[in-house]
Amino acid sequence: MRMKRKKEDDMEGDLVGTGTLGKAMAVLEAVAMADRPQRFTDILQTVRQPRGTLHRLLGHLVEEGLLVQRRDLSYEPGLRLLKFAYRSWSGNRFREIAAPYLLHLHQLTGETVHLGVLRETEIIYVDKVESRQTVRMSSQIGKASPAYCTGIGKAALSVLPAGELQRISTGMEFHPFTAQTHRSIESLLAEIEEIRHDGHAFDREEHEAEICCVAAPISVPEHDLVGGISVTGPSYRVSLQQLTAWAQDVREVAAEIEEEVRIRLGPGREKGAAAPRDLPDEQGRRDG
């Protein structure tokens, strides 16, 4: 028993560098990102913290309302955590600025429009305008998807400096979601070069079967913002030819969002000083 306790103490000592907050965040992430409620043993296997430490952290997180313990003793996100997530989403300036442009692109195409930001090897969807069609996408705001097999992800990767692209792509694990998914860095980087030339990217059923999209990058380096916008639909309804026809509109809307972000968030501007620019008319025509 003493040897077991000493081993746990040693493990906890090894984790001191991460800090209590870091350990609590690891537990929160393990529960929040799971597809189903997590039991103690599931969390233990994921975070690899001493059992005693994990018990204490779970107790504190439940007490604070960040996690909820169910009747079967498994854990799921608490309402307080969801409240934080909602406040973060609703107060996101990038999403707020881009919102009218997403609606405009939706009016042009009638299909689902996504807005996402790049976070290392993943794209985080921060906003979405649902298709007017009966069959819609199952995507969710806040969901993370691999960058290497999504239209927005590949578009965002295409505007990174060469060194940053190499660093991020080296850390990717290429999971074959479909027969069209990239299997290697070499394959991905070859397509990235094409995207840089064209200014837009396609998802040819690479992440989900029968789901495709056209996307364009959004890059505002002065605000550390790299992401993109896309039009997505089921392949039986939206052909590659149709996506190609929409590519110019998607590129132009992405450029409009970039410019608006620079105006609204530019250095030296007072909060609320900039007025929104006029949107293009419904035919997608722009002055100049």
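The values are calculated or read from the model by the stated rules, or taken from the named source; none is laboratory data. Since the model is a prediction, treat every value here as computed from it, not as a measurement. Note that we place each Cβ from the backbone using ideal geometry, even for glycine, and neighbour counts take in every protein chain shown. Accessible surface areas use protein heavy atoms only, side chains included; no ligands, DNA or RNA. Shrake-Rupley method; radii C 1.70, N 1.55, O 1.52, S 1.80 Å.
Miscellaneous remarks
- Segment 239-288, subset among the aliphatic types (A, V, I, L, M) and at pLDDT below 90, residue nearest to E111 (Cα to Cα): L279
- Of all residues in segment 121-148, those being open to solvent by 70 Å² or more (accessible area, probe 1.4 Å) and either in a strand (DSSP E or B) or modelled with pLDDT of 90 or more (or both) number 1.
- Qualifying residue in segment 102-113 (condition: of a type in the set (A, V, I, L, M), surrounded by fewer than 16 Cβ atoms within 10 Å (Cβ to Cβ) and at pLDDT 90 or above): yes
- In segment 107-124, the residues that are touching a residue at least 24 places away in the same chain (Cβ under 8 Å) and in contact with a strand residue (DSSP E or B) (Cβ under 6 Å, 6 or more places away or on another chain): T109, E111, T112, V113, H114, L115, G116, V117, L118, E122, I123
- Subset of segment 238-250 that is touching a Leu at 6+ places or on another chain (Cβ under 8 Å) and open to solvent by 10 Å² or more (accessible area, probe 1.4 Å) - its residue that is farthest from I97 (Cα to Cα): W246
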